[in-house]
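Values in this text are rule-based calculations from the coordinates and carry no lab data. Being a predicted model, the structure only gives us computed values, none of them experimental. Glycine also receives a Cβ, built like all others from the backbone with ideal geometry; neighbour counts cover every protein chain displayed.
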Amino acid sequence: MQGTNMQNNMQNNMQGSTTFGAHEIIGMNEALMTKAANVEMLSFLSEQVQDQRLQNMLRQQAQTAHQHYIEGVNLLQGHGTHMAQPNTVQYQGQMNVQPKLGLRQPSMPAPNMNAQTVSERSVCTVALNMHKFGAIGWTTLALECTSPQLRSYLMNGASMCDRMAYDVWEFMNSKGYYQVPTLLEKTTQTMIQAYQVPQQMNPQATGMPWGQHYQ
């Protein structure tokens, strides 16, 4: 009886393993392993800063990443296969802010080889690059997925990285850590006005109704 149960479990596991392609399993392993490390890193970084706004931001990002990690594990193990679009975990970033453009006496301190603590600027830089490269990595993995559920999950992860990166960047921008150089207004307008919108074709001249020209 025990041998029969073991055989059935093995068969169920073998059947379950055919749900995803090999590259998807390998990709999800990389994604979840990295996500778990990011949760710990964001939680650790949040304890290294004094600014309350930055601390709350990093804690929120760690919590959201933790929830997204759990969602990925459940999806991979079959607990979330009933979800057509497994995007229950969302991160609401501050995308409606007005960034500060132009240079404001920028300075870049030399790195401290004997640092006992991490500066606020360095904490932000680590978090920012974590999210930037995360967005690239998650998008790349998603584009190789044949499973719609895994593809949607990974693209949602890329979107999270995008919003988290912008929140961290906006904080750095407001503090002067990450400034944005600008071109002369004349140069900017010259480049913008160089583009021309194509003129719409007259449908009466071709006998075709509107809409078919762009199909």
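How much net charge surrounds Q179 when only the other residues with a Cβ under 14 Å from the Cβ of Q179 are counted, with Lys and Arg +1 and Asp and Glu -1?
Taking every Cβ under 14 Å from that of Q179, the sum is +3.
Cut-off under 21 Å on the C-alpha distance; same-chain residues fewer than 8 positions from K132 excluded. Which lysines are left, in chain and number order?
The reachable lysines, counting only those whose Cα sits under 21 Å from K132, are K35, K100, K175.
When the Karplus curve 6.51 cos²θ - 1.76 cosθ + 1.60 is applied with θ = phi - 60°, which whole-Hz ³J(HN,Hα) does each residue of the range 44-57 get, with x for Gly and Pro?
Coupling constants for the range 44-57: 5, 4, 5, 8, 9, 10, 9, 5, 5, 4, 5, 4, 5, 4 Hz.
With a sphere of radius 14 Å drawn around the Cβ of P109, what net charge do the other residues whose Cβ falls strictly inside it have (Lys, Arg +1; Asp, Glu -1)?
With Lys, Arg at +1 and Asp, Glu at -1, the neighbours total +1.
If you wrap a convex hull around the alpha carbons of the range 52-164, what volume per residue comes out, as a whole number of Å³?
Spelled out: Cα convex hull of the range 52-164, divided by residues, is 156 Å³.
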